1. Go through the stretch 63-117 and count every residue that is part of a loop (DSSP other than H, G, I, E, B), among the acidic types (Asp, Glu) and within 15 Å of the chain's Cα centre (by Cα).
2. Can you name the residue in the stretch 125-173 that is in a helix (DSSP H, G or I) and among the aliphatic types (A, V, I, L, M) and is also surrounded by the most Cβ atoms within 10 Å (Cβ to Cβ) among such residues?
3. Could you check how many residues of the stretch 69-83 are surrounded by fewer than 21 Cβ atoms within 10 Å (Cβ to Cβ) and within 23 Å of Tyr166 (Cβ to Cβ)?
4. Given the condition of a type in the set (A, V, I, L, M), modelled with pLDDT of 55 or more, surrounded by fewer than 18 Cβ atoms within 10 Å (Cβ to Cβ) and in the same structural domain as Val147 (by TED's automatic domain parsing), answer yes or no: does some residue in the stretch 34-53 qualify?
5. Considering Pro97, Pro115, which residue is assigned by TED's automatic domain parsing to the domain that holds Tyr151 and surrounded by fewer than 18 Cβ atoms within 10 Å (Cβ to Cβ)?
6. Could you look through the stretch 134-173, keep only residues that are touching a residue at least 24 places away in the same chain (Cβ under 8 Å) and of a type in the set (A, V, I, L, M), and pick out the one that is nearest to Leu107 (Cα to Cα)?
Amino acid sequence: MRNHHLFLVLIILGILSVPIRHGFSNKNYSDLGFYRVKKENLPPCVQMYTSIEKHSKKYGIPIRYALGIAYVESRYCGPLQWDYKSDVVSSAGALGPMQIMPSTADLMWDNKKVPRDKILNDIDFNVETSMKLLSKLYKKYGDWKIVFGCYNTGRPCINSYSEKVYNFKTNKI
């Protein structure tokens, strides 16, 4: 049902493009049902949702946990949160919607220096980096609460952050 509402909103806003042809693939477009939409035409709230859906599936992260981290880190409330700001910077220097530290991004991408601007402004890259990190931490610790504590502090622990993410209810989205 939620996808139908999003579809209708996108039609009203005139964001939808041409129907998909089988085999059509372009990383500048995002999948929404039977249509492809140019990523730069999507509002940040929709870019976040499609990126979370895609990368949580790719890296085996339960979507409720991915959405929980997005909510706790940047108060993301779903694809219809039109006033959502994804380009947030924490006092500790974490960047973007999933609050990725630049050193963590470098580590996740084979110690290649990732530009701060990419971490901050490329929603899809930020979310993928986050999901990749969560997957790596889960393989190492095997406990979601410890994973979330480690995501938050950089060391394996269970804290109030990990409890918030673990107990996140998707009806907030």
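The values are calculated or read from the model by the stated rules, or taken from the named source; none is laboratory data. Because the structure is a prediction, the values reported are computed rather than measured. All Cβ positions, even for glycine, are placed from backbone atoms using ideal geometry, and neighbour counts span all protein chains on display.
1. 1
2. Looking at the filtered set, the residue picked out is Val127.
3. Number of matching residues: 6.
4. No, that holds for no residue.
5. Unique residue meeting the criteria: Pro115.
6. Checked the stretch 134-173; the qualifying residue nearest to Leu107 (Cα to Cα) is Leu134.
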